[in-house]
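The values are calculated or read from the model by the stated rules, or taken from the named source; none is laboratory data. No experiment lies behind these values; they were computed from the predicted model shown. Positions of Cβ are backbone-derived with ideal geometry, glycine not excepted, and every protein chain shown enters the neighbour counts.
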Amino acid sequence: MNFTINLPLQMECTLFFQENPYMFETLDGIALRLGRKREDIDPVVKQLVSNSLLEKIGDGDQAIYRYIQPDTSSGLV
Amino acid sequence: MILADQDFFQDVQDVYSDLTDLTMVITDNIGEMITNFTGNKNLLDLVYEYKSINEALCQRVKNFSKITGPVLYDALPGVKVVVCPVTVNNTNTYFIFAGMIIKKTEKDSVISYLKQELNAPAEILAEIPESSAEEIQTKIDKLKKMAAILSKQLASQKAASERSRKEASIDSFLQLIEAGNTDINTFLKTFSNSNQEVDLVGFARKTEGDQLVIEEILQSGNSSLKGSTFSTGEGLLGQVVATNKKRYWEKVYRDPRISYFSQKGIVPKSLAAVPILKGGQQCGLLFWGSSANEQLSKPTNTEGSIAASFLSIMESTLALRLKASNNLMKLTTLNEIFQVMAAVQDEKRILLILLDMSMNLIRGPFVSVILRQPLKNSLEIVSRGLTSEQIDSYSKDVSGRFSINEEDKLSTHVTGWGAAVYEIPLRYQNHSYGYLSIGCNGTDIDEEDLSFLNSLSFAGGISIHLIRSMKEESKQSSAAGVLVELVELIEPGHSLLAAKASKLIESFCESTSIPVSNRADLKDSCYLIAYPINLLKKNIGKPSVLSLIEEYHSIEENKPSIPTASIQAQLLHLVWTYIKQGEKIENLMQITAVNRSLLNEFISYLNHTNIVVKEIQLADPVSRQPEISHDLNLSKRESEVMKLVVKGLNNRDIASHLYISEHTVKNHMTNIFQKMNVTDRSQAIAKIYQSGWDFIKGL
């Protein structure tokens, strides 16, 4: 499978969720906010879920996606 | 079978019939005549009833199908015929029949037999030639030569035909490639249509690991192998993949490994397979076979090899096209990421971008970004795919290596729990800010992805550097700002002079052609030179300001005879000398530490500015008048009232004009009289007129 072909859209979608880390949004909502077609966004969102960047809550058209905050830690050198 | 050039065959037959004095005809390999008889027809009719000659020839061809050279047989007792095969590639393709021959020693008995048994007419019997054993052998040798000539012609005809087929095949594949058609099915159809011998053709593609899957197959019948898989080394096809060499199998139905096909009801009698390469690496194989022929012909296999070569070219072209498209996508992505990074002011956002973009690209088991926080002497780690124990373990591991890896570049490392990780430093110039760490599943990250990650890390390093530099600069600017303001309290005299110097520097820099950089530093330095340099060093980390002030002090102390300091320091020295020495241009002439062109420009600027000031004074000789209004100490409202009084308005009109009550106007008038030290309106008006009209305008 060629992942790179979706890379710009993945990047766009990732940055969108990074900027809105507390957002819960459906696929249609994401498509609307990014000004993209649902069918273009669908595989990208699925990929982001598979990459553990997004969490999918629920199923079907009403499924909601949210950004998974990465683990943050700090320690003395 | 190659179709004979009948005219050529007939011509050769006619020549040799005449040469050998024999009646001749040539048949194909099933006994069908392909030439007309040449020679004595009477003799022929004598031997065969003409109607049955075809049948007789077919029977003879059948009998002599395997002969390897000329054979002499008796068409009738004592009447001999020579049959000579014409071979192509050791296969008897045509047969020359040449007769009739009667041995000299047998002539009398044969004629007697023909007379009695066949009632042959005497004139025909007289035409029968007789030959000695040597003559017969000579004739046979000539027939051999004739067969050789025909074989050679057939061989060259075959070669031409093969060449033409090959060219047609190449042409059809080229057309596909030129048309940009990259559909495997169309490709297989092109191969299959151009070759009648082949009724099975397919393409298997390498997938994950050592598995191959039949991506496309064309074969007769309903069953299909499409989608079936096999491993490298498994069965006939797997063997070709394992050895990476083409193979041809004859009578393959006898081989037990054919079960891969036969279990699906496909039973080829012959099979061939050729590996397909993409960019030098095997990516699959093309196979073809025949359910009719036990052995595939050489031209068919040659065509198959040509098809495989074109398929390799097509796959490589596709791969290159995909690579170019991917590179464009990556460049577009990088470009947009860089734009976002350039706009972001927050280190945490940079870390998130690095983290998530790496995860999107590599899809490894884990990604983390480690950032050094020098002020806190700590590391900040953001990660995905690591447990808290792994984060602890890895951060300890990394912190131990940070101090010794100042000059580090991309490297691989094995974590405490045994996972391979690529560590790409986040660097700017020779400073390392941290690492982008990408975990991998035992397989290497390919070169292009590493290059993308390197670019991403490089951009991350620059972004972090810029954010930290801006923070540092802002901190230093605010420290310098506080010190500048403090001068006013500690050294008010210096502050006044510094303000004047700063203003002069600003206006001079605006007008001069000499490039003066860091003007803000230069203006701040006018104030900061009041402080001891050690104090400044402790509180201002900005090297440009510190070095400027140090240079200035050095000029002031040493008074060098030639200019060696920077233009900024020279200008600072020049302006301060001018200000401190009473703003006299002639005092500047003794300065030696300043570049002559700078000095001349500065003096020229000062001369020009003074003239402008004088011109203003001449054009506005009563510009001092407004000061009188301050002397009168009238309020804004009182001034408005007085202006209307001068115009001759009474209290009622003034009240109406200013939207106030008449009583308020009276109050204002009382105040005005007191302030002007007059007792009534007329005295007030007189006093105003004594002050001049411009004052009235100023009201």
Just wondering, is there one or more residues in segment B:371-382 that are among the polar types (S, T, N, Q) and touching a residue at least 24 places away in the same chain (Cβ under 8 Å)? no
B:ILE149 vs. criteria modelled with pLDDT of 90 or more, hydrophobic (A, V, I, L, M, F, W, C) and assigned by TED's automatic domain parsing to the domain that holds B:SER17: yes
Which numbered condition B:GLY279 fails, given (1) within 21 Å of the chain's Cα centre (by Cα); (2) within 14 Å of chain A (Cβ to nearest Cβ); (3) among the small types (Gly, Ala, Ser): (2)
Matching residues in segment B:589-598 - criterion: being in a helix (DSSP H, G or I) and under 16 Å from B:ALA501 (Cβ atoms): B:LEU598
When you check B:ILE464 against the structure, is it under 30 Å from B:ARG427 (Cα atoms) and within 53 Å of the chain's Cα centre (by Cα), yes or no? yes
Quick test of your reading of the structure: B:THR87 fulfils all but one of (1) touching a residue at least 40 places away in the same chain (Cβ under 8 Å); (2) among the polar types (S, T, N, Q); (3) outside the structural domain of B:MET33 (by TED's automatic domain parsing). Name the failing condition by number. (3)
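Can you tell which of B:LEU486, B:LEU453 is in contact (Cβ under 8 Å) with a residue 60 or more places away in the chain and either at positive phi or among the hydrophobic types (A, V, I, L, M, F, W, C) (or both)?
Exactly one residue qualifies, and that residue is B:LEU453.
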Inside segment B:379-490, counting only strands (runs of 3 or more DSSP E) that do not spill past its ends, which hold 1 or more residues that are at pLDDT below 85 and within 14 Å of chain A (Cβ to nearest Cβ)? B:431-440
Among the candidates B:ASN326, B:ASN360, residue that is touching a Ser or Thr at 6+ places or on another chain (Cβ under 8 Å) and under 30 Å from B:LEU174 (Cβ atoms): B:ASN326
Restricting attention to segment B:336-349, and to residues there that are part of a helix (DSSP H, G or I) and more than 9 Å from chain A (Cβ to nearest Cβ), which single residue is surrounded by the most Cβ atoms within 10 Å (Cβ to Cβ)? B:MET341
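With the structure loaded, tell me whether B:PHE97 is assigned by TED's automatic domain parsing to the domain that holds B:CYS58, surrounded by 17 or more Cβ atoms within 10 Å (Cβ to Cβ) and out of contact with any Gly (no Cβ under 6 Å at 6 or more places or on another chain) or whether it fails that test. Step through it out loud before you land on a result.
Details: assigned by TED's automatic domain parsing to the domain that holds B:CYS58: yes; surrounded by 17 or more Cβ atoms within 10 Å (Cβ to Cβ): yes; out of contact with any Gly (no Cβ under 6 Å at 6 or more places or on another chain): yes.
Yes: the conditions hold for B:PHE97.
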Note: among B:LYS62, B:LYS66, just one is of a type in the set (D, E, K, R) and part of a loop (DSSP other than H, G, I, E, B), namely B:LYS66
Looking at segment B:353-370 only, could you name the residues that are farther than 18 Å from B:GLN390 by Cβ and modelled with pLDDT of 90 or more? B:ILE353, B:LEU354, B:ASP356, B:MET357
How many residues are surrounded by 19 or more Cβ atoms within 10 Å (Cβ to Cβ), over 23 Å from B:PRO492 (Cβ atoms) and in contact (Cβ under 8 Å) with a residue 40 or more places away in the chain if we restrict to segment B:530-568? 2
Does B:ILE350 satisfy being out of contact with any Cys (no Cβ under 8 Å at 6 or more places or on another chain), at pLDDT 90 or above and over 24 Å from B:ASN441 (Cβ atoms)? yes
Quickly run through segment B:108-124 and pick out the residues that are in a helix (DSSP H, G or I) and touching a residue at least 24 places away in the same chain (Cβ under 8 Å). B:SER109, B:VAL110, B:TYR113, B:LEU114, B:LEU118, B:ILE124
Give segment A:27-77 a look and list any residue that's without any contact (Cβ under 8 Å) to a residue 12 or more places away in the chain and within 14 Å of chain B (Cβ to nearest Cβ), or say none. A:LYS46, A:SER50, A:ASN51, A:PRO70, A:ASP71, A:THR72, A:SER73, A:SER74, A:GLY75, A:LEU76, A:VAL77
Can you tell which of B:GLU586, B:GLU627 is modelled with pLDDT under 85 and either closer than 26 Å to B:ALA498 by Cα or within 60 Å of the chain's Cα centre (by Cα) (or both)? B:GLU586
Can you go through B:GLU162, B:GLU167, B:GLU127 and tell me which one is in contact (Cβ under 8 Å) with a residue 60 or more places away in the chain, closer than 30 Å to B:ALA272 by Cβ and of a type in the set (Asp, Glu)? B:GLU162
Search result, residues across segment B:1-24 that are part of a loop (DSSP other than H, G, I, E, B) and within 15 Å of B:PRO129 (Cβ to Cβ): B:ASP21, B:LEU22
Checking B:TYR433, B:TYR422, B:TYR527 in turn, the sole residue that is touching a Leu at 6+ places or on another chain (Cβ under 6 Å) and either surrounded by 16 or more Cβ atoms within 10 Å (Cβ to Cβ) or on the phi > 0 side of the Ramachandran plot (or both) turns out to be B:TYR433
Filtering segment B:350-375 down to residues that are more than 8 Å from every other protein chain (Cβ to nearest Cβ) and over 16 Å from A:ASP71 (Cβ atoms) yields B:ILE350, B:ILE362, B:PRO374, B:LEU375
Give B:ALA147, B:ALA168, B:ALA133, B:ALA159 a once-over and let me know the one that is aliphatic (A, V, I, L, M), surrounded by fewer than 13 Cβ atoms within 10 Å (Cβ to Cβ) and under 22 Å from B:TYR16 (Cα atoms). B:ALA133
From the list B:LYS245, B:LYS251, which one is modelled with pLDDT of 90 or more, under 21 Å from B:SER192 (Cα atoms) and surrounded by fewer than 20 Cβ atoms within 10 Å (Cβ to Cβ)? B:LYS251
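Each row is one residue, and each column tells you yes or no for (1) part of a loop (DSSP other than H, G, I, E, B); (2) closer than 24 Å to B:GLU162 by Cα; (3) in contact (Cβ under 8 Å) with a residue 24 or more places away in the chain.
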| site | (1), (2), (3) |
| --- | --- |
| B:THR182 | yes, no, yes |
| B:LEU237 | no, no, yes |
| B:TYR248 | no, yes, yes |
| B:GLY265 | yes, no, yes |
Determine whether B:ARG321 is free of Cβ contacts under 8 Å to residues at least 60 places away in the same chain, in a helix (DSSP H, G or I), more than 10 Å from chain A (Cβ to nearest Cβ) and more than 34 Å from the chain's Cα centre (by Cα). no
